[in-house]
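Student: Below you'll find the structure I mean.
Throughout, read-outs are computed from the coordinates displayed, never taken from laboratory work. Only a predicted model underlies this, so the values are computations on that prediction, with no experimental measurement involved. Cβ coordinates were reconstructed from backbone atoms using ideal geometry, including for glycine residues, and neighbour counts include every protein chain displayed.
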Amino acid sequence: MGATHLPSTEFDGTAVDDQLEAEAEAAMGEPPAQMVQLLGPDGTLGTDPVYTHYAEKLDPEKLRGLFADMAAIRRFDVEATALQRQGQLALWVPLTGQEAAQIGSGRASQPQDYIFPTYREHGVALTRNVDLAELLRQFRGVSNGGWNPKDTNFHLYTLVLAAQTLHAVGYAMGIQRDQKSAAASDPVRTEPPAAVMAYFGDGASSEGDVHESMVFAASYNAPVVFFCQNNHWAISVPSTVQTRIPLSNRAKGYGFPGIRVDGNDVVAVHAVTEWALDHARQGKGPVLIEAFTYRVGAHTTADDPTKYRQSAEEDSWRAKDPLARLEKYLRAEGLADDAFFAKVKADGDELAAYVRRTTHDLETPDIRTAFANTYVEAHPLVAEELAWFEEYSAGFAGEETAGQAETEAGN
Ligand SMILES: Cc1ncc(C[n+]2csc(CCOP(=O)(O)OP(=O)(O)O)c2C)c(N)n1
Ligand SMILES: [Mg+2]
């Protein structure tokens with residue numbers, strides 16, 4: 001089907017390209033935005049005056065680890081999508097295409113750092129050792145969260161766009177104060193300094209919450225890294241509608257560094273994030289990272305991207321695939337062989353089988369616990385609502401039995 005058959009939207013004709021950015025930069029007399037890239041789509045490693053120093057810390061074992069992580073999370077994504085299609089999950093939010101942005105940044109964080117994700121950061125969750133099966137509890141609708149953030153310093157998913165950026169800055173200001181008072185009471189304290197990382201998308205960047213968090217972060221010099229994954233789409237709205245200038249340039253208006261990095265280059269993402277977290281931990285203030293990447297799949301399993309974008313655009317980004325370029329590099333440099341890639345595949349299949357088994361076993365909680373946990377103490381309104389719920393549920397009792405009998409007979 002050609003372009004002319006696509007349904008028209010108010011954004012019709014605004015393709016994902018750099019044209020608007022270039023025009024806006026020229027009008028302001030700004031030089032074109034530079035994007036940090038070390039590992040190109042052809043699998044060759046370039047250099048950068050600042051970030052090569054950080055990239056050099058990635059020894060062959062770490063590079064193989066980054067590949068294994070990206071492959072694992074992509075395999076997990078395929079399995080979760082299948083589980084949703086088979087009715088085992090209510091919804092799934094795929095991450096395919098964004099593996100390098102997530103694994104590279106997550107692996108650059110340290111255990112004492114605290115991460116605030118959106119709802120798509122499954123790759124970051126993996127790097128923080130969140131049990132990926134637990135991650136599916138919310139998508140199956142059996143939990144309001146799924147994991148205890150205190151175990152991994154990986155906060156619960158936030159579905160209200162950008163709300164977590166405010167939480168992140170507040171948390172970072174808390175860390176700053178804790179560290180100050182700890183230093184005053186115990187000057188020889190050796191605990192490592194911590195930073196906070198706040199993830200959000202190109203669409204969320206238009207929310208007022210992001211502006212407020214950046215103002216506060218700058219005013220209080222909070223140890224926070226804003227990590228924006230510009231995956232070029234906010235459901236059906238292209239990133240060119242959210243901004244005329246590179247999103248990383250917005251940091252200038254707040255007075256802290258902004259860096260655009262090739263979000264499909266895991267080496268560059270890792271290097272830039274490590275630099276930014278160091279900067280924040282050393283008390284030098286916030287940093288904005290814009291990871292230039294692409295959401296290859298649908299927004300969620302409830303979305304159909306063929307309705308609003310061209311397949312040629314998707315193909316052009318598939319050619320920049322984050323896994324393919326690292327595989328090329330590892331093979332060309334003799335750092336990984338067929339046996340390594342076969343093992344990665346087998347491990348992925350094992351992870352998928354574990355996630356599938358565990359998801360099937362997740363039990364539906366007693367919904368009465370939701371009433372019990374609304375307030376600390378008993379509340380007449382909650383008691384009234386529970387009574388209504390009990391009566392309403394009782395109305396289905398006969399139907400359930402009949403339904404079960406039918407299913408059993410059908411089996
Ligand atoms: C405050 C708020 N407004 C609207 C929505 C509905 N919504 C959910 S995801 C989404 C698009 C977000 O795009 P982006 O920030 O680029 O993140 P991506 O989904 O691309 O990762 C919208 C509008 C919401 N969840 N919260
Ligand atoms: Mg987006």
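Student: Assuming R0 = 25 Å, can you tell me the calculated FRET efficiency for the pair W388 and T364, based on Cβ-Cβ distance, to the nearest 0.05?
Tutor: Between W388 and T364 the formula returns 0.80.
Student: Provide the packing ranking of 215-223, 170-178, i.e. peptides ordered by the mean count of other C-beta atoms within 10 Å per residue, highest first.
Tutor: Ranking, from highest mean packing down: 215-223, 170-178.
Student: Something else: Quick one: putting +1 on the C-beta of Lys and Arg, -1 on the C-beta of Asp and Glu, what dipole do you get for the chain around its Cα centre, in Debye to the nearest 20?
Tutor: Around 1040 debye, computed over the chain.
Student: Please list the three semi-axes, largest first and in whole Å, of the ellipsoid equivalent to the chain, using sqrt of 5 times the eigenvalues of its alpha carbon gyration tensor.
Tutor: Largest first, the chain gives 36, 28, 24 Å.
Student: Could I ask something else about it? Just the Cα atoms of the range 54-123: what Rg and Dmax do they give in Å?
Tutor: Cα only, the range 54-123: 14.0, 45 Å (Rg, Dmax).
Student: Given N residues in the range 50-189, what is Rg(Cα) / (2.2 N^0.38 Å)?
Tutor: Compared with the compact-globule rule of thumb, the range 50-189 sits at 1.20.
Student: Could you tell me which of A195, N231, V382 has its Cα farthest along the dipole of the chain towards the positive end, charges placed at Cβ (Lys, Arg +1; Asp, Glu -1), taken about the Cα centre?
Tutor: It is A195.
Student: Throw me the Rg/Rh for the range 50-94, computed over C-alpha atoms with Kirkwood Rh, two decimals. Write down the numbers at each step before the final one.
Tutor: On the way: Rg = 16.2 Å, Rh = 12.6 Å.
Looking at the range 50-94, the ratio lands at 1.28.
Student: Still on this model: Under 17 Å from the Cα of K320, which lysines turn up, not counting those fewer than eight places away in the same chain?
Tutor: Straight-distance partners of K320: K328.
Student: Same structure again: List V344, V272, V142 from most exposed to least, where exposure is judged by having the fewest other Cβ atoms within 10 Å.
Tutor: So the ranking, lowest neighbour count to highest, is V142, V344, V272.
Student: Could you give the spread of the C-alpha atoms of the range 348-403 along their three principal axes, from largest to smallest, in whole angstroms?
Tutor: On the principal axes, the range 348-403 reaches 50, 36, 9 Å in Cα extent.
Student: For the range 103-142, give the magnitude of the charge dipole about the Cα centre (Cβ charges: +1 Lys/Arg, -1 Asp/Glu; no others), in debye to the nearest 20.
Tutor: So the dipole magnitude of the range 103-142 works out to roughly 120 debye.
Student: Still on this structure, I have one more. May I ask you to work out the translational diffusion coefficient for the range 228-380 at 25 °C, viscosity 0.890 mPa s, via Stokes-Einstein with Rh from the Kirkwood sum over Cα pairs, reported in whole µm²/s?
Tutor: Using the Kirkwood radius from Cα pairs, D works out to 122 µm²/s.
Student: Relative to the compact-globule scaling 2.2 N^0.38 Å, provide the ratio for the alpha-carbon radius of gyration of the range 183-268.
Tutor: 1.33
Student: Got a sec? How would H167, H360, H232 order by Cβ neighbour count within 10 Å, fewest to most?
Tutor: The most exposed by this proxy come first: H360, H167, H232.
Student: When the distances between all Cα atoms of the range 271-326 are binned every 10 Å from zero, what whole-number percent does each bin get?
Tutor: With 10 Å bins starting at 0, P(r) equals 18, 32, 25, 21, 4.
Student: Find the Rg to Rh ratio for the range 122-249, where Rh is the Kirkwood radius over alpha-carbon pairs and Rg uses the same atoms.
Tutor: Dividing the radius of gyration by the Kirkwood radius yields 1.02.
Student: Next question, about the same structure. How do R295, R137, R318, R64 line up, fewest other C-beta atoms within 10 Å first?
Tutor: Starting with the residue having the fewest Cβ neighbours, the order is R318, R64, R137, R295.
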